[in-house]
Amino acid sequence: MKKKWILKSCFAVTLLVSATFCLAQVESQVSTSSAPASVAAPAATPANQPQFGTRDSRYKIEPGDSFDITFDLSPEFNQTGVSVQPDGFVTLHGVGDVKVQGQSVPELTQTLRKVYGKILNDPAISVVLKDFQRPYFIADGQVARPGKYELRGDTTLTEAIAMAGGFTEYAKHSQVVLYRRVDATWTSAQLINVKKMENDRSLREDPFLHPGDMLFVPKNRISKIKPFIPNTGMGAYAPIP
């Protein structure tokens, strides 16, 4: 009897040890699977790689622009036709020279309120641009009328090409390049297959132009060899009697 009791005790201990070991393994697996995956650190951006940001759509004042200033409560300070000098400054009554180049109209208004706030109590100022550089795009290369065009409203690439007189017979429709200035240092270049859009009868990939964009239409291959193609209209291939 004593021997049987010892065997039963050993068997119970073995079961208890096995159960504890299995439970430890399960907890380990659950802990591992529930642990948050390590997030890979973002790749470092090379120092010389451009950072293309969204350009501000508000017009920035440039040399040669002019504007009117109206003071609601102090009309004696009203000024018309204030011209921006080549160095970006304007000369204003009562405050002297103020740098305004590169500012939008709301920014200019705040600048004027700040400088006039030194001699007036909380001035109410309105600014209206009178003469400024209109938004434009440039069409170059194999279009009928290359040049600088005023950009009015939403204009797509194909519409801009039509405004420039359309493609010439030498144009390479499949490799139209759209240049867009991103900042003072970098310009992006996008290759657009206008020929494919025309063949597919779909303008879903027809981009809208931004002020200052330039589209360039390169020459096709045939334009490089056409001077050597005989004119069939003159009977070049007709046998001479």
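Between residue 202 and residue 169, the modelled label-to-label distance comes to 3.3 nm, taking each label 7 Å out from Cα in the direction of the beta carbon.
Going by neighbour counts of Cβ atoms within 10 Å, the residues 206, 65, 87 line up, fewest first, as 87, 206, 65. Within the same chain, aspartates and glutamates fewer than 8 places from residue 99 are excluded, and of the rest, those with a Cα less than 19 Å from its Cα are 62, 65, 68, 87, 107, 131.
Ranking of 183, 154 by neighbouring Cβ atoms within 10 Å, starting from the fewest: 154, 183.
Pairs of alpha carbons in the stretch 136-225 separated by more than 14 Å make up 63% of all such pairs. Amide H contacts under 5 Å for residue 176: 192, 194, restricted to partners 5 or more places along the chain or on a different chain, H placed in the peptide plane at 1.01 Å from N. Along the axis of the charge dipole computed for the stretch 131-227 (Cβ charges of +1 for Lys and Arg, -1 for Asp and Glu, origin at the Cα centre), the listed residues 211, 133, 178 are led at the positive end by 178.
Extension gain residue 79-residue 145, at 0.36 nm per residue separation less the Cα-Cα distance, in nm? Before the final figure, lay out the partial values.
Details: separation 66, 0.36 × 66 = 23.76 nm, distance 4.09 nm.
Difference between extended and current length: 19.7 nm.
Computed over the alpha-carbon pairs of the stretch 66-131, the distance histogram in 5 Å steps reads 4, 18, 33, 31, 12, 3, 0 percent, short to long. Between residue 182 and residue 124, the FRET efficiency estimated from the beta carbon spacing at R0 = 41 angstrom works out to 0.65.
Quote the charge dipole size of the stretch 95-173 about the Cα centre in Debye, to the nearest 20; the model charges only the Cβ of Lys and Arg (+1) and of Asp and Glu (-1).
Numbers: 10 positive and 9 negative charges, 52 e Å.
Its charge dipole is roughly 260 debye.
Any read-out appearing in this document is the output of simple, stated calculations on the displayed coordinates, not a laboratory observation. Small disclaimer: the values here were computed from a predicted structure and weren't measured. Please note: Cβ atoms are built from the backbone with ideal geometry, for glycine as well, and neighbour counts cover all protein chains shown.
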